[in-house]
Amino acid sequence: MALRTLVAATVGAVLAVATTVLAHVPAPLVPTALVEDVKSATADIEFMDYVGNGQVIKLDPRDVLVLSYLKSCEHETITGGTVTVGAERSDVRDGQVVRAKVPGDGGKILLSPQQASKSAASAFRVQSAEIEPTLYARTPVVRLPKVLASEDRTLLIERTDHRGERHELKIDDAIVAAGFYDLAKINVSLTRGAIYDASIGSHKMTFQIAAKAKSGPAPIVSRLLRFQ
């Protein structure tokens, strides 16, 4: 009887502790913006992270953070201060912010369940979208698959609405390590209004270039392709 009482008491104590811990776990953030650039040793975020509504980022006076909002297409360059990420723009205290509107899908980017369930202490890595994207610049930034065998290191982009345009691009070790391939750096521009298939290894996707897509430099959120 004494043993049963001890076991029951122990189980009850464990459940009580677990309930208390779960009650204090913060709710998952809703990803709302993409980190396009960050120059900070203390911000604890990286290039191409997603950040979420309510997330607080502290910058030193000379730190610079560039965010693009997925829904509002707000593009922010923030210098110093305390940044609270919002749904459509940031609240910046004791710092400076320069804002501009950029072309984008206006919140049509859908994150995978794994991304949406990340904890409040985490950033959200760009991994996948559940819709065929439209790019608003002619030079895509391609997010490469996480696992890429040496024999699969060729990126093929081929126009499908009109035959004849085809780009076969070799991926070297440096690009694989970075995880991204910026076609602007190799002067590859795609055709406005065209539809393309892109493939690398077993990964394939279809995308289109907007009829008024921008030439030259453009924010990454306007030209990002993510392989599943």
### Message
With a cut-off of 8 Å between alpha carbons and a minimum separation of six or more residues, what is the relative contact order of segment 136-228 in percent?
### Response
44
### Message
Quick check: pseudo-label points 7 Å beyond the Cα along Cα→Cβ at R192 and A178, how many nm apart are they?
### Response
2.7
### Message
Using the crude model of +1 on Lys and Arg Cβ and -1 on Asp and Glu Cβ, and no other charge, please compute the dipole size for segment 134-196 relative to its Cα centre, in debye to 20.
### Response
240
### Query
Which whole-Hz ³J(HN,Hα) couplings does segment 197-207 yield from phi under the Karplus relation 6.51 cos²θ - 1.76 cosθ + 1.60, θ = phi - 60°, glycine and proline marked x?
9, 10, 8, 8, x, 8, 8, 9, 7, 10, 8
### Query
Mind listing the phi-derived Karplus ³J(HN,Hα) values for segment 68-84, rounded to whole Hz, using 6.51, -1.76 and 1.60 with θ = phi - 60°, and x for any glycine or proline?
10, 7, 6, 8, 8, 6, 7, 10, 10, 10, 10, 10, x, x, 10, 10, 10
### Query
So how strong a dipole does segment 50-96 carry about its Cα centre when Lys and Arg Cβ are +1 and Asp and Glu Cβ are -1, to the nearest 20 debye?
60
### Message
What do you get for trypsin sites (Lys or Arg not before Pro) in segment 157-190 restricted to DSSP loop and a cutoff of at most 16 other Cβ within 10 Å of the site's Cβ?
### Response
R163
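Take peptides 201-209, 137-145, 38-46 and line them up by average Cβ neighbours within 10 Å, highest first, as a rough protection proxy.
Put in order of decreasing packing, that is 137-145, 201-209, 38-46.
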### Message
Can you tell me the length gained on complete extension of the stretch T42 to A100, counting 0.36 nm per residue apart and subtracting the Cα distance?
### Response
18.3 nm
### Query
Distance in nm between label sites at D91 and R163, each 7 Å beyond Cα in the beta-carbon direction?
5.8
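Laboratory data are not the source of any read-out in this text; all were calculated from the coordinates shown. Computed from a predicted structure; not experimentally measured. Here Cβ is always computed from backbone atoms with ideal geometry, including for glycine, and neighbour counts include all displayed protein chains.
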